[in-house]
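Read the structure below first, then the notes.
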Amino acid sequence: MLPTGVQRVLVAGSPGAGKTTLARELARRLDLPHTEMDALFHGPGWVPRPEFEADVDALLASGRWVTEYQYPSVQPRLLAAAEAVVWLDHPWWLVAGRLARRTVVRAVDRRPLYNGNTERVRNWARPSHPLWVVHGRGFAAIRRSNAQAFGAAARTRGLVVVRLRGARAAERWLAAQGRT
């Protein structure tokens, strides 16, 4: 369980783990605002927004939030400000399957994502595309990095870390949080 009255929560995991979905629902249950990191980061044409870091600083200054733990340039600030981290440490096969499904569905339905961007097949070839992050060495690297960062923060400043392994564990945990 999260501590009573928690106000600043990060949701971590690899691409495709369900960070945004869980963060949005957790924010609703805890009556906290949710800000989607991808929407702050991506400008039109998938170009990083120059205001990204300033927007993250404004989010952190608000004092009440649930957001995703991503983008290395701001991760140290996010982690330093968080009271709790919910880590979706799912098995590779689950994340890879979810990510492949999500990517194909987004490309087919052409639903706008962040700032008018849409998933396009031609973007799948980019080394930074989440498909390559999960199918390359990125999945294991993210897991190792998270374990180190969260372990250190838990030891040094008492950060609450909830590590969820698998979809059922995440569903059960979320069901126990706050109101519905």
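Every number in this text was worked out from the coordinates using simple rules, so none of it is lab data. As the structure is a computational prediction, the values presented were derived from the model and not from experiment. Virtual Cβ from ideal backbone geometry, glycine too; neighbours counted across all protein chains shown.
Which is farthest toward the positive dipole end of the chain among S145, P72, L40, measuring Cα position about the Cα centre, with Cβ charges +1 (Lys, Arg) and -1 (Asp, Glu)? Comparing the listed Cα positions along the dipole, S145 ranks first. Between L113 and V47, the simple label model (points 7 Å from Cα in the Cβ direction) yields a spacing of 1.8 nm.
Pull out a ≥ b ≥ c, the square roots of the eigenvalues of the alpha-carbon gyration tensor of segment 42-114, then state rounded if a/c is under 1.5, prolate if not and a/b is larger than b/c, and oblate in the remaining case. Since a/c reaches 1.5 but b/c is at least a/b, the shape of segment 42-114 is classed as oblate.
On full extension, the segment bounded by M1 and L94 gains 31.1 nm, given 0.36 nm per residue less the C-alpha separation. Could you tell me the center-to-center distance, by alpha carbons, between segment 1-38 and segment 147-172 in angstrom? Computed from Cα coordinates, the inter-centre distance equals 13 Å. In segment 47-150, which GluC sites (Glu not before Pro) fall in coil by DSSP and have 15 or fewer other Cβ atoms within 10 Å? For GluC sites (Glu not before Pro) across segment 47-150 that sit outside H, G, I, E and B with at most 15 neighbouring Cβ atoms in 10 Å, the list reads E51.
Between T20, T156, T103, the Gaussian network model of the chain with springs among Cα atoms under 10 angstrom shows the greatest mean-square fluctuation at T156.
Between D57, D89, D109, the residue with the greatest mean-square fluctuation in the GNM of the chain (Cα pairs under 10 Å linked by springs) is D109. Full extension of the chain segment joining A140 with R64 gains 24.3 nm, where the gain is 0.36 nm per residue of separation less the Cα-Cα distance. Label point of N123 set 7 angstrom out along Cα-Cβ; within segment 65-86, amide nitrogens under 20 Å from it belong to 68-73. Please state, rounded to one decimal and in Å, the Kirkwood hydrodynamic radius that segment 117-180 gives when every pair of distinct Cα atoms enters the mean of 1/r. Radius from the Kirkwood sum: 14.8 Å.
Amide H to amide H, with H built 1.01 Å from N, W65 comes under 5 Å of R8, V9, counting only residues 5 or more places away or on other chains.
Suppose we look only past 22 Å in the calculated P(r) of the chain. What percent of the Cα-Cα pairs does that tail hold? For the chain, the fraction of Cα-Cα distances above 22 Å is 45 percent. Quick one: of the DSSP bridges fully inside segment 6-149, what percent are antiparallel, nearest 5? Counting DSSP beta bridges with both partners in segment 6-149, the antiparallel share is about 10 percent.
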